[in-house]
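S.K.: Below are the structure tokens for one structure; questions will follow.
The values are calculated or read from the model by the stated rules, or taken from the named source; none is laboratory data. Predicted, not measured: the structure shown is a model, and the values here were computed from it. Cβ sites come from the backbone with ideal geometry, for glycine too, and all protein chains shown count toward neighbours. Each accessible area value is taken on the protein alone, full model and side chains, heavy atoms only, with ligands, DNA and RNA left out. Shrake-Rupley method; radii C 1.70, N 1.55, O 1.52, S 1.80 Å.
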Amino acid sequence: MKTLGLIGGMSWESTLPYYRTINEQIKQQLGGLHSAKLVLFSVDFYEIEQLQAQGDWEKAGQVLGEAARSLNKAGAEIIVVCTNTMHKVAEAIERIGGLPLLHIADATAKPILDLNLSRIGLLGTRFTMEQEFYRGRLHKQGIEVLTPNEEDRAIVHRIIYEELCLGKILDTSRDEYRRIISSLEQQGAQGIILGCTEITLLVGPQDASVPVFDTTAIHAHAAATYSLS
């Protein structure tokens, strides 16, 4: 079994299902008392969020790169960043950490392509929905990405940072997400990517009429599969 190196804490609420899902997958595959071999570096999300807000992605890349370097020294063989947004600095994490990174967009593309879908709605932080580090990686694999309009992107982003990252789950916000998902479906989305690891705390497959792709679960399963490869 290979040793996974997890960079978590962004937020810690969404890091918990990574740990649980990876271990459940290992136990399912190997049985008995087996569990995953992994090391976890959990950052202070406040510091990362401040760098995001300032647009200082270079510094953010250095911080997470140093975390990856620490995981490398601790015996990790691959890096798993337990968040979508910070894959914006994936290249810096790999370069500084000295280890390959299991990219969440690549993991997410696989089940989409397995279903022969090509037009997908994306929900996530404003950075993920608007910037090319995520959308462009999916586009290169033949997946067209639809995002909400500007006003709805602001709503999705605000709920993530002001509610979900703080553990607040509100029915009114769930209704907003359902409305936005429905709008994407009406635009022709064949599926919906829950492209922020906190979103699954609020909505899931029952909130859409098309397939829903939970990036947290998909990424964690891909990590477990790699560990056993």
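S.K.: Would you be able to tell me the number of residues in region 174-188 that are in contact with a Ser or Thr (Cβ under 9 Å, 6 or more places away or on another chain) and hydrophobic (A, V, I, L, M, F, W, C)?
M.R.: Count: 2.
S.K.: If you take the residues in region 205-227 that are more than 19 Å from Val80 (Cβ to Cβ) and touching a Leu at 6+ places or on another chain (Cβ under 8 Å), which one is least open to solvent (accessible area, probe 1.4 Å)?
M.R.: Here the answer is Val212.
S.K.: Hey, can you tell me all the residues within region 61-72 that are open to solvent by 20 Å² or more (accessible area, probe 1.4 Å) and touching a residue at least 40 places away in the same chain (Cβ under 8 Å)?
M.R.: Matches in region 61-72: Asn72 only.
S.K.: Of all residues in region 1-50, count the ones that are assigned to a loop (DSSP other than H, G, I, E, B), closer than 16 Å to Thr85 by Cα and out of contact with any helix residue (DSSP H, G or I) (no Cβ under 7 Å at 6 or more places or on another chain).
M.R.: Adding up the residues that qualify gives 1.
S.K.: Of all residues being hydroxyl-bearing (Ser, Thr, Tyr) and open to solvent by less than 20 Å² (accessible area, probe 1.4 Å) in region 115-142, which is nearest to Arg174 (Cα to Cα)? Just the residue, please.
M.R.: So the residue we want is Thr125.
S.K.: While we're looking at this one, here's another question. What pairs come out if I take residues in region 206-229 that are without any contact (Cβ under 8 Å) to a residue 24 or more places away in the chain and pair them with residues that are open to solvent by 30 Å² or more (accessible area, probe 1.4 Å) whose C-beta lies under 6 Å away, six or more apart or interchain?
M.R.: Val212/Pro205; Asp214/Thr200
To keep it simple, each residue is scored yes or no on (1) in contact with a Lys or Arg (Cβ under 6 Å, 6 or more places away or on another chain); (2) farther than 20 Å from Tyr18 by Cβ; (3) modelled with pLDDT of 95 or more.
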| position | (1), (2), (3) |
| --- | --- |
| Val145 | yes, yes, yes |
| Arg174 | no, yes, yes |
| Arg178 | no, yes, yes |
| Ile193 | no, no, yes |
| Cys196 | no, no, no |
| Pro205 | no, no, yes |
| Pro211 | no, yes, yes |
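S.K.: What is the one condition in (1) buried (at least 19 other Cβ atoms within 10 Å of the Cβ); (2) at pLDDT 95 or above; (3) over 18 Å from Ser229 (Cβ atoms) that Tyr19 does not satisfy?
M.R.: In the conditions (1) buried (at least 19 other Cβ atoms within 10 Å of the Cβ); (2) at pLDDT 95 or above; (3) over 18 Å from Ser229 (Cβ atoms), Tyr19 misses (1) alone.
S.K.: Among (1) open to solvent by 40 Å² or more (accessible area, probe 1.4 Å); (2) outside any loop (DSSP other than H, G, I, E, B); (3) modelled with pLDDT of 95 or more; (4) farther than 30 Å from Val210 by Cα, which single condition is Ala53 missing?
M.R.: Condition not satisfied by Ala53: (3).
S.K.: Is it the case that Ile78 is aliphatic (A, V, I, L, M) and more than 20 Å from Phe127 (Cβ to Cβ)?
M.R.: Taking the combined requirement at face value, the residue satisfies it.
S.K.: A follow-up question, please. Identify the residue in region 73-114 that is among the acidic types (Asp, Glu) and assigned to a helix (DSSP H, G or I) and, among all such residues, is most open to solvent (accessible area, probe 1.4 Å).
M.R.: Filtering region 73-114 for residues that are among the acidic types (Asp, Glu) and assigned to a helix (DSSP H, G or I), the one most open to solvent (accessible area, probe 1.4 Å) comes out as Glu91.
S.K.: Which one of the conditions (1) modelled with pLDDT of 95 or more; (2) open to solvent by less than 40 Å² (accessible area, probe 1.4 Å); (3) closer than 25 Å to Ser229 by Cα does Phe41 fail to meet, given that it meets all the rest?
M.R.: Here Phe41 clears every test but (2).
S.K.: Scan region 4-16 for residues that are open to solvent by 20 Å² or more (accessible area, probe 1.4 Å) and at pLDDT 95 or above and jot them down.
M.R.: Within region 4-16, none qualify.
S.K.: Would you check which residues across region 145-180 are part of a helix (DSSP H, G or I) and open to solvent by 80 Å² or more (accessible area, probe 1.4 Å) and list them?
M.R.: Glu150, Glu151, Arg158, Glu162, Leu166, Asp171, Thr172, Asp175, Arg178, Arg179
S.K.: Only one of these is touching a residue at least 60 places away in the same chain (Cβ under 8 Å), under 22 Å from Asp44 (Cα atoms), of a type in the set (S, T, N, Q) and touching an Asp or Glu at 6+ places or on another chain (Cβ under 6 Å): Thr125, Thr85, Thr200. Name it.
M.R.: Of the residues listed, the single one that is touching a residue at least 60 places away in the same chain (Cβ under 8 Å), under 22 Å from Asp44 (Cα atoms), of a type in the set (S, T, N, Q) and touching an Asp or Glu at 6+ places or on another chain (Cβ under 6 Å) is Thr200.
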